[in-house]
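Throughout, read-outs are computed from the coordinates displayed, never taken from laboratory work. Everything numeric in this text was worked out from a predicted model, so none of it was measured. Virtual Cβ from ideal backbone geometry, glycine too; neighbours counted across all protein chains shown.
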Amino acid sequence: MYSCILVGLDGSKESWKALDQAIAIGKNFKSKLIVASVIPFASDAPVRKEFMALRRKFSRELEKAISMAKKKRVSAKPLLLDGEAGEELLDAAVKNKCDLIVVGRERSTVYGRLLFGRVSYYVVERAKIPVLVVK
């Protein structure tokens, strides 16, 4: 039923739960998994340092996510993107011909809302394929 599943991973507890669900679904349907993290674009120098730190953090988390999938014998590939999270996730789903998107419900912290916005809402409202929101 699902040949390719895109899962958004931002390091939050909810996104790790979304990954667990995506792995379970991927195992059941023998789907390939695309694990995507999106770093907000930063152009000025002080913010650029934080951007690079986020890039390293997300790279490590993607490695961990791919390892988790492989332990469950699910084919997975990491995708590290820059830009607006909702837009980038939707674009990645189209480019990779995914037929399901899995995202975690938004974090309730102020920082989480500012940095990642309402990504799950954005994706649900604009996706042309099914979306699973995990809380």
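Tabulated values for the structure
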item	result
Extended-chain gain in nm, criterion 0.36 nm per residue less alpha-carbon gap, A24 and L80	18.0 nm
Spin-label pair S3/E63, simplified geometry with 7 Å Cα→Cβ offset, distance in nm	3.3
Distant-in-sequence amide H partners of A76 (H built 1.01 Å from N, under 5 Å)	L33
Ordering of 77-87, 9-19 by burial proxy (mean other Cβ atoms within 10 Å per residue, highest first)	9-19, 77-87
Estimated 222 nm signal from helices in the chain, with DSSP H stretches of n ≥ 4 weighted -39500 (n - 2.57), rounded to 500	-16500 deg cm²/dmol
Residue pairs, from the table K27/K128; K70/K97; K27/K64; K13/K128; K72/K97; K49/K135, whose Cα atoms sit over 29 Å apart	K49/K135
Entry for Rg and Dmax of the Cα atoms in Å (calculated from the structure that is shown) out of (1) 14.0, 46; (2) 15.2, 60; (3) 15.3, 47	(1)
Charge sum, other residues only, whose C-beta stays under 9 Å from S3's C-beta, Lys/Arg counted +1 and Asp/Glu -1	+2
Cα-based reach from K77 at 12 Å (exclusive), listing aspartates and glutamates while leaving out same-chain residues under 8 positions away	E63
Options N96, V7, N28, ranked by Cα towards positive dipole end of the chain, top entry (Cβ charges)	N28
